[in-house]
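Student: Can you read through this structure? Questions will come right after.
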Amino acid sequence: MFTRPPELEDETIIASLSAHWSFDAIELIYEPVGYGAHHWSAVDETGDARFLTVHDLTAHCKDHRETEDRVFERLVASFGAARALRQGGVEAVLAPTPSDDGRAADRLDDRFTLAVHPFLHGHPAGEHGAFPTAAARLAALDVVAEVHRSSDLAVDIAGTDDLVVPHTDEIPTAIEALGTAWDAGPYGELARSHLRQHATGLSHLLDAYQQLAAKVRQHGNEPVLTHGEPHAGNVFVVDGRSLLIDWDTALVAPPERDLWHLDPGDGSILDMYRERTGVRPYPEAVDLYRLWWDLAETGQYLGMLRNPHLDTTDVAMAWQGLQEYLDPAARWPALVGSTCA
């Protein structure tokens, strides 16, 4: 995230680092990178550094019924799966550094958690999640395929994907609220106007997702340990070596949960995955997870912009994201029809 949470003080993070990782930070620097978690770098008096990830459990609740405790359990299971892969010899996995007593993350309070990583000097494989070259995409595929082949190391640790799309409870609520003003923040009315143009198509996509999910449950490939978001922003290149980072979304799921991020649309990556694993990707499962992403992003952004919000960089990005992902006729013409609004 690009805006640090005002509710979380540096002293809380420093105390956790000292108590649980024996790392006495003298400086914390907020790092405005990524979207979905907060990041800091921490430095001790010797100049040694750590990279910190703080998750907002409330923001990661799938819906209004899920509790922060359940989100924390899922997060710890995902980090535990990454750690098992790393310990099992999958060196391309960058798992969180366990605390002195073996925990993957510290519960700072009811809302925030802390995970600690080594500070590495490198760069993401691409900007805005896009792979800049075929070679970068192929390097990411090699890592993903290795993770999938190594699933036996971690499938008993990670949770299992239930195919439920988070934040989609916001979608019917927002559609029902189109008749009233969204005046709780600077982007509210813009979001309402945009949703009004695409509400019918969005409703069709919700129905189409359920139909695709039923097919995948019946005909899908054997589940494997998946990362969940192996886009270029989560592939970190260090000395020419690709590392898969940010393991908070790891789940046991059909392999296509990862593959759609890598698929350029011409089938080449899917064919290469089959060559590396012997598993033939199921095209409708690729579509399922691509649609899952669109609906999850749409629901999250509608919830953010319909409710009270400030004009921050993160909120501005949410508005940009809503315009990108909430365009059913352009992104999904085969599902909603090219003229469906």
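Student: Along the Cα→Cβ direction, 7 angstrom out, place labels at Arg149 and His128. What is the inter-label distance in nm?
Tutor: The modelled label-to-label distance comes out at 3.4 nm.
Student: Near Leu212, within a Cβ-to-Cβ distance under 15 Å, what is the net charge of the other residues, with Lys and Arg +1 and Asp and Glu -1? Intermediate results must be reported in sequence, preceding the final value.
Tutor: Numbers: positive: Lys215, Arg217, Arg257, Arg290, Arg331; negative: Asp161, Asp162, Asp207, Glu256, Glu284, Asp287, Asp294.
Summing Lys/Arg as +1 and Asp/Glu as -1 gives -2.
Student: Still on this model: In deg cm²/dmol and to the nearest 500, what is the mean residue ellipticity at 222 nm of the chain if only DSSP H runs of at least 4 residues count, each as -39500 (n - 2.57), divided by the residue total?
Tutor: Working: 11 runs with 149 residues, N = 341.
When only DSSP H runs of four or more count, the value is -14000 deg cm²/dmol.
Student: Would you work out which of Ile245, Gln323, Pro255 lies farthest towards the positive end of the dipole of the range 208-341? Charges go on Cβ: Lys and Arg +1, Asp and Glu -1.
Tutor: Most positive-ward Cα: Pro255.
Student: Length gain on complete extension for the stretch Leu138 to Asp266, per 0.36 nm per residue less the alpha carbon to alpha carbon distance? Mind dumping the intermediate values first?
Tutor: Values: separation 128, 0.36 × 128 = 46.08 nm, distance 1.39 nm.
Gain on stretching Leu138 to Asp266: 44.7 nm.
Student: Give me the log10 of I(q) over I(0) for the chain at q = 0.07 Å⁻¹, as the Debye formula computes it from C-alpha points; what are the numbers?
Tutor: -0.30
Student: What are the extents of the Cα atoms of the range 62-177 along their three principal axes, listed from largest to smallest and rounded to whole Å?
Tutor: 46, 41, 30
Student: Counting only DSSP beta bridges with both residues in the chain, what percent are antiparallel, rounded to the nearest 5? Don't jump to the answer; show the numbers that get you there.
Tutor: Numbers: 29 of 31 bridges.
The antiparallel proportion sits near 95 percent.
Student: If you don't mind, there's one more thing I want to ask. Ser193 to Val164: extension gain in nm, 0.36 nm per residue of separation minus the Cα-Cα distance? Don't jump to the answer; show the numbers that get you there.
Tutor: Numbers: separation 29, 0.36 × 29 = 10.44 nm, distance 2.71 nm.
Taking Ser193 through Val164 to full extension adds about 7.7 nm, to one decimal.
Student: What's the local net charge at Gly88, with K and R +1, D and E -1, over the other residues with C-beta under 12 Å away? Please report the intermediate quantities before stating the final value.
Tutor: Details: positive: Arg83, Arg86, Arg149; negative: Glu91, Glu146, Asp152.
Here the count lands on 0.
Each reported figure results from applying straightforward, stated rules to the coordinates on display, with no laboratory input. Fair warning: this is a prediction, and the values are worked out from it, not measured in the lab. Using ideal geometry, Cβ is built from the backbone for each residue, glycine included, and neighbour counts are taken over all protein chains shown.
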